[in-house]
1. With the crude spin-label approximation of a point 7 Å out along Cα→Cβ, what separation in nm comes out for ALA43 versus GLN121?
2. Count the net charge of all other residues whose Cβ sits under 13 Å from the Cβ of LEU70, scoring Lys and Arg as +1 and Asp and Glu as -1.
3. Could you work out the local net charge near ALA116, counting Lys and Arg as +1, Asp and Glu as -1, over the other residues with Cβ closer than 14 Å to its Cβ?
4. Taking the Cα centre of the stretch 12-123 as origin, work out the dipole magnitude from +1 charges on Lys and Arg Cβ and -1 charges on Asp and Glu Cβ, in debye rounded to 20.
5. For the stretch 12-123, with the dipole built from +1 on Lys and Arg beta-carbon atoms and -1 on Asp and Glu ones, taken about the Cα centre, which of GLN87, ASN49, ALA13 lies farthest toward the positive end?
6. Please compute the net charge surrounding ALA43, taking Lys and Arg as +1 and Asp and Glu as -1 over other residues with Cβ under 13 Å from its Cβ.
Amino acid sequence: MFPIEIGCVSQSAYERLKTQAQEDTQTLEVIRDEVKELDQQIAGLQAANRQEDATTAELRMALQHEEDQLPIMRERAEASLTLLKGQVTALMNQSWNLARKIAALRHESASLQSTAAQYKQEMEEAPAAEPVAADEEEPRVAQATVAEPPALGESPSQTPIMAQRSEPVAPTPNLSPPAPSTPSPPTNIDP
């Protein structure tokens, strides 16, 4: 009754199962190969990840070091800036002082040139016969009245000859350092 049919059914079922098993085995082999490839890719990605993690850690350490150094560098920069500002201020003050000194020297030079020109003009306008002492340092000495002492052969009853300058002369600036105060020798002018 059933044995032949069962045998045939069983044989065809067996063949189907065998074919299915072979297909499943092939599929499993393909899947295993894919899993191996995926494992290799995962291993490569993990190695790259570890490398990236190491690089990131180094960058973080460098960044942390820079952040730690930032206040010190800022303090140094501020100190340098303060020092430079002080130097600039000192140089500006020196520049202003030099400018004032230069202006004062120019004014003094112009004044001296004007006085020298006036003195030269007065000397040129003075009569040629009027004697002028060559060693005068101040005009007051030239304007002072000097009495000539009597000669040895003359009697003391004669009046001394007085020499006096008729025109005042503009004072010449004394450019030499101040000399110690000693009385100047009397100026003798021959009549």
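1. Label-label distance for ALA43 and GLN121, simple model: 11.2 nm.
2. -3
3. Cβ neighbours under 14 Å give a net charge of -2.
4. Working: 13 positive and 18 negative charges, 319 e Å.
It comes to approximately 1540 debye.
5. Ranked along the dipole, the leading option is GLN87.
6. 0
Readers should treat all values here as calculations from the given coordinates under stated rules, not as data from a laboratory. Every value quoted in this text rests on a predicted model; they were computed, and no experiment measured them. Cβ: placed from backbone, ideal geometry, glycine included. Neighbour counts: every protein chain shown.
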